[in-house]
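The structure appears below as structure tokens.
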Amino acid sequence: MVSDANNNIGCVIEQTANLTNVCMWNTTNESQRPFYQLNHILRRTNCFIHPENAATQRAYYNLKDLSYLKRGNPWWMVEWYRYKAISNGYKKYIGNLDLNNALSLIRNIYLGKYGGVIWYIIKNTILKEANSWYQWSYCPKTGDMLICYASQDKVASLNPINYFNFL
């Protein structure tokens, strides 16, 4: 994710070795099913959304089709539920995101607090140990950054938050 504080605009750059696509909150790929737009908010999990890039990860992606479980890699369902959890969390903060509540939201999502299915997956699978290595929130205008890292015994969501100012 890249943002320009002077223009108050952000984008996602999805990149593989051979493909690069720039996505804005209102580009068509953000609303291609099963994904959906949120006003002025971009979000990603560990999967591409742009169709060209997505084709490098998965040949078929239609969660409404039950044959997806047979034809696709079930691991992508985990990413879909994580995407939904992130989206549900952000919906609650539209127009009110700041440095602190953005990181709190991310931490809560990775602890499974937004979305029943992702909560179950995180609590009962390998994801409880392999949750995330780091989580961060950055405000380009002020230079403030909050970041937390995983340690040997705890995921990032459970470790202390560090504060930096790049200005």
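Since every read-out is calculated from the coordinates, none of them should be taken as a lab result. Given the structure is predicted, the values throughout are model-derived calculations rather than measurements. Here Cβ is always computed from backbone atoms with ideal geometry, including for glycine, and neighbour counts include all displayed protein chains.
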Per residue of segment 132-142, in order, report the coupling 6.51 cos²θ - 1.76 cosθ + 1.60 (Karplus, θ = phi - 60°) as ³J(HN,Hα) in whole Hz, putting x for Gly and Pro. 6, 7, 7, 9, 8, 9, 9, 10, x, 5, 9
Give the long-range amide H neighbours of residue 150: residues separated by 5 or more places, or on another chain, with amide H under 5 Å away, using H modelled in the peptide plane at 1.01 Å from N. 134, 156
Using 7 Å Cα-to-Cβ label points, what is the residue 113/residue 97 separation (nm, one decimal)? 1.7 nm
Potential extension, residue 26-residue 104 segment - 0.36 nm per residue separation minus Cα distance: 25.6 nm
Read phi for every residue in segment 10-21 and hand back ³J(HN,Hα) as whole Hz from Karplus 6.51 cos²θ - 1.76 cosθ + 1.60, θ = phi - 60°, with x for Gly and Pro. x, 8, 10, 10, 9, 9, 10, 5, 10, 10, 9, 9
Under a plain spin-label model, where a point goes 7 Å from the Cα along Cα-to-Cβ, how far apart in nm are residue 46 and residue 136? 1.9 nm
